[in-house]
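Below: one structure, written as structure tokens.
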Amino acid sequence: PPSVSLRGIGKTFGSLVALADVSLTLVPGSRHAIVGENGAGKSTLMKVLFGGLRPDTGEVLLREKPVRFASPQDAIAAGIGMVHQHFELIPPFTVAENVVLGAEVGGFVLNQSGAENRVRELAEESGLPIDPMARVETLSVAAQQRTEILKALYRRAKVLILDEPTATLAPSEARDLWAAVHRLSGAGTTVVFITHKLDDVMAHAETVTVLRRGRLILTKPVSETNPAELARAMVGEGGNPSPSSSEGRGETASEASPSLRYGSPLPPEGEGLGVRDLVVLGRRGETVVNGVSLDVRPGEIVGLAGVDGSGQVDLIEAIVGLRQSSAGTITLKGKPLDGLSVADRRSVGIGYVPEDRHHRAMVLPLSLEENAVLGRHRESAFADKFGFLNVNALRAFLADKTKAFDVRGVAVGNPARSLSGGNQQKLVMARELSRNPALLLASQPTRGLDFGATAFVHDALRRERDRGAAVLVQSLDLAEVLALSDRVAVMLAGKIVAVLDRAEADEECIGALMTGAGDG
């Protein structure tokens, strides 16, 4: 019998139909992929299964009996676990403390050694190696993800939902994750994963479901489909699936950009970003950027590659002014930025697309109009001399940018959280590019986006370069780095170990440099 079934699930948010009569069956011990464009309803469907949302119509069946989950706690008690894109861990706590929190070994009082031993055993059984005594704040993203999976398994999850599980993992980390997923499904755990990466679907799923605009388009065995069919199902007739998918390849989202060209139409020249001997300290006083020097010239895209935690984000945050440097200099067009605030740096020509759009790029409870002008809300175009916002000007600006950047699902006055992830990212891009920055910093610009939104963001970055901006892009997706960059800088342990022209860079070479195996 199926372990879980969803029958006729419907969910609306105001006038937005998020799900319409969606039915799904999960077979015990299977690996089931859910794919679709941003806003297709994938996360909404999984939130219904996990008890985070109540469906308006339809029912969830567990072992063929209807169940009503009032909360995720009910779903967890029924054996369903979910690992979200944005982890829900307590950074100062250890791995073991995070895993057992709320379900402590030996009752309400935490038995530290008992918890550590149980987590160690569970990690070994599941193929998820980790130190139970390590503090979460010291862990890589991959290790934090393993902690989240262990949290679910500790609560005896027999259905495990993974939301974009490889979005922030390096290739070697993704291989380790998939090995663990296969091991878990082989032991009887049903694994459902939401993804935009069709190569992951073809390599690791047994069954695939495609959603489009809240409706079920197809469910079939992976052995009976191909990336081209899945891409067409995701975008519909008259849509624009990746040309590369029609060749039958399983492409990543980054490879689905309509063009993998690189190289500026004009040779880059003049002074753009200049970083010299930069040193940045972390929150505990450790060196996270160690003597970095880097130039990004007007009219070029430099890709910043490295295993997560190698100092790339710290470098970008130091350039934008979110982190203080303890040594070295940063210049833009020959003028020093040292000592300038974030607002001052933005005013002299820096645009910034952060890696975490929810916490760094948007204020989710604020309206879309307010988010569209964040950082510009004091400008005379949007506010009077007393600082009061001009609502009509904000609405006109939002309408203009949402049309230019194809931001969908926009309703006047709605909060930013009402948009899907891809449309949130498009709005952030629209805001940051509206000032024609001299330097654009983009960190993980397509994290969790479908291939349509990814292609749009890639083209926007290329247009900025072609306009003459200096563009620095940090991504954990090597295919994305190679698709966009004119030059590639590789970071390892806080240092730049190599800067390569795109023509001499390939995935194998960069991957070796990222892990210290290259000859740099």
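Can you compute the FRET efficiency between residue 17 and residue 358 using 1/(1 + (r/R0)^6), with r the Cβ-Cβ distance and R0 = 22 Å? Round to the nearest 0.05. That pair, residue 17 with residue 358, gives E of 0.35. In the chain, the longest principal axis of the Cα atoms and the axis of helix 391-404 are about 80 degrees apart.
Amide hydrogen proximity for residue 498: with H placed 1.01 Å from N in the peptide plane, the residues at 5 or more positions away or on another chain lying under 5 Å are 490. When the charge dipole of region 138-227 is built from unit charges on Cβ atoms (+1 for Lys and Arg, -1 for Asp and Glu) and taken about the Cα centre, the candidate among 159, 185, 225 whose Cα reaches farthest toward its positive end is 159. Phi-derived couplings, Karplus 6.51 cos²θ - 1.76 cosθ + 1.60 at θ = phi - 60°, listed residue by residue for region 199-210: 5, 5, 4, 5, 8, 10, 9, 9, 10, 10, 10, 10 Hz, with x used for Gly and Pro.
Residue 284 label point, 7 Å along Cα→Cβ, cut-off 11 Å on backbone N: hits in region 73-92? Counting backbone N atoms under 11 Å from the label point, the list is 92. Peptides 291-299, 329-337, 23-31, 446-454 ranked from most to least packed by the mean count of surrounding Cβ atoms within 10 Å: 446-454, 291-299, 23-31, 329-337. Could you tell me whether region 89-155 comes out rounded, prolate or oblate from its Cα gyration tensor? Rule is a ≥ b ≥ c as square roots of the eigenvalues, rounded for a/c under 1.5, then prolate if a/b exceeds b/c, otherwise oblate. Judged from the Cα gyration tensor, region 89-155 comes out oblate (a/c at least 1.5, b/c at or above a/b).
Here the extension length gained between residue 277 and residue 404 equals 41.8 nm, from 0.36 nm per residue of separation less the Cα-Cα distance. Magnitude of the charge dipole for the chain, about its Cα centre and with charges confined to Cβ atoms of Lys, Arg (+1) and Asp, Glu (-1), is about 1560 debye.
When 154, 352 are arranged by Cβ crowding within 10 Å, least crowded first, meaning fewest neighbours, the order is 154, 352.
Derived scalar couplings between HN and Hα for region 177-192 equal 4, 5, 4, 5, 4, 4, 5, 5, 5, x, 8, x, 7, 7, 10, 10 Hz in order, rounded to whole Hz, by the Karplus curve 6.51 cos²θ - 1.76 cosθ + 1.60 (θ = phi - 60°), x for Gly and Pro. Listed values for region 409-416 are Karplus-derived 3J(HN,Hα) couplings in whole Hz (6.51 cos²θ - 1.76 cosθ + 1.60, θ = phi - 60°), namely x, 7, 10, 3, x, 5, x, 4, and x replaces Gly and Pro.
Listed options for Cα Rg over 2.2 N^0.38 Å are [x] 0.98; [y] 1.37; [z] 0.93. The value calculated from this structure is the one marked [x].
Rounded to 0.05, the FRET efficiency of the residue 70 and residue 101 pair, given R0 = 22 Å and the Cβ-Cβ distance, is 0.55. FRET efficiency for the residue 54 to residue 84 pair, using the beta carbon distance and R₀ = 22 Å, is estimated at 0.75. Per residue of the chain, the DSSP helices (runs of n ≥ 4 H) give a summed -39500 (n - 2.57) that works out to -9000 deg cm²/dmol at 222 nm.
Counting only DSSP beta bridges whose two residues both lie in the chain, roughly 55 percent are antiparallel. Close amide H partners of residue 192, meaning residues 5 or more places away or on another chain with modelled amide H under 5 Å apart, are 32, 160, 161, 162. Between the residues 441, 418, 79, the greatest Cα displacement towards the positive end of the dipole of the chain, with unit charges on the Cβ of Lys, Arg, Asp and Glu, is found for 418.
Computed extension gain for residue 343 through residue 377, at 0.36 nm per residue and net of the alpha carbon distance, reaches 11.1 nm. Extension gain for the segment residue 495 to residue 213, taken as residue separation times 0.36 nm less the Cα-Cα distance, is 97.1 nm to one decimal. Averaged over residues, the count of other Cβ atoms within 10 Å places the peptides 168-174, 340-346 in the sequence 168-174, 340-346, highest first.
Taking amide H atoms as placed 1.01 Å from N in the peptide plane, the amide H of residue 212 lies under 5 Å from those of 217, each 5 or more residues away in sequence or on another chain.
Compared with the dominant principal axis of the Cα atoms in the chain, helix 112-126 is inclined by about 90°.
Any read-out appearing in this document is the output of simple, stated calculations on the displayed coordinates, not a laboratory observation. This is a predicted model, so every value here is computed, not measured. All Cβ positions, even for glycine, are placed from backbone atoms using ideal geometry, and neighbour counts span all protein chains on display.
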